[in-house]
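The values are calculated or read from the model by the stated rules, or taken from the named source; none is laboratory data. As the structure is a prediction and not an experimental result, all values here were calculated from the model. For neighbour counting, all protein chains shown are included, and Cβ atoms are generated from backbone atoms with ideal geometry for every residue, glycine included.
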């Protein structure tokens, strides 16, 4: 009897894991479709990525059972800040590319000085990016406060930052740069699954970092809110 009970328990656990897998797979599939559609205007990529991270975190914390309507709600809620942040990042990369082209023409000592400046500019942006849109999704803060928190988290949790960077950059480089033919064979996976899988996977790391630093991040957000309220009252 004990063996039968154990076997039934194992079978039940296996079924539960299987159901959980298909549930997660369906959620990820639905989120990716929402993400891709919301990215189509291009300038909305930041808001779409913010909504994607918000939904991944909420699903992992069992806060949501549906996908489409909550995704749209998150998209609308953070649209302004996420879009401005995204446009600022695009502008920063455009400026850095222009600077690099100028450096190639200038050369010499001046060129080396500008190259060092460009390196620190790129480092600043790269440090800020991995946690940036997840912070927008999870905490209310202004643009500079979010940038500051993102960089501090990247420096303080470099290993976690590196995991997120590798998770996003490795598939992109492998698919689009090193082996472009792979994109022709797997483009539909990018439309159906890959971005949401990466976001869902990296959300585990991001949630862990957020839990450890929740008090500090919320304190910074509340201080910004209080300062803005004081200014408006004056």
Residue 143 versus (1) modelled with pLDDT under 95; (2) loosely packed, with under 12 Cβ neighbours inside 10 Å; (3) within 26 Å of residue 52 (Cβ to Cβ): which is the lone unmet condition?
(2)
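Do we have residue 185 as modelled with pLDDT of 85 or more and surrounded by fewer than 19 Cβ atoms within 10 Å (Cβ to Cβ) here?
Working: modelled with pLDDT of 85 or more: no; surrounded by fewer than 19 Cβ atoms within 10 Å (Cβ to Cβ): yes.
Against the criterion (modelled with pLDDT of 85 or more and surrounded by fewer than 19 Cβ atoms within 10 Å (Cβ to Cβ)), residue 185 does not qualify.
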Only residues that are buried (at least 21 other Cβ atoms within 10 Å of the Cβ) and closer than 14 Å to residue 43 by Cα: list them for the range 71-95, please.
75, 78, 82, 85, 86
Name the one entry in 101, 122, 132 that is surrounded by 12 or more Cβ atoms within 10 Å (Cβ to Cβ) and without any contact (Cβ under 8 Å) to a residue 40 or more places away in the chain.
122
Does residue 169 meet the test of being on the phi < 0 side of the Ramachandran plot, surrounded by fewer than 16 Cβ atoms within 10 Å (Cβ to Cβ) and at pLDDT 90 or above?
yes
Scope the range 13-33; condition loosely packed, with under 12 Cβ neighbours inside 10 Å and either in contact (Cβ under 8 Å) with a residue 24 or more places away in the chain or closer than 21 Å to residue 73 by Cα (or both); matching residues
26
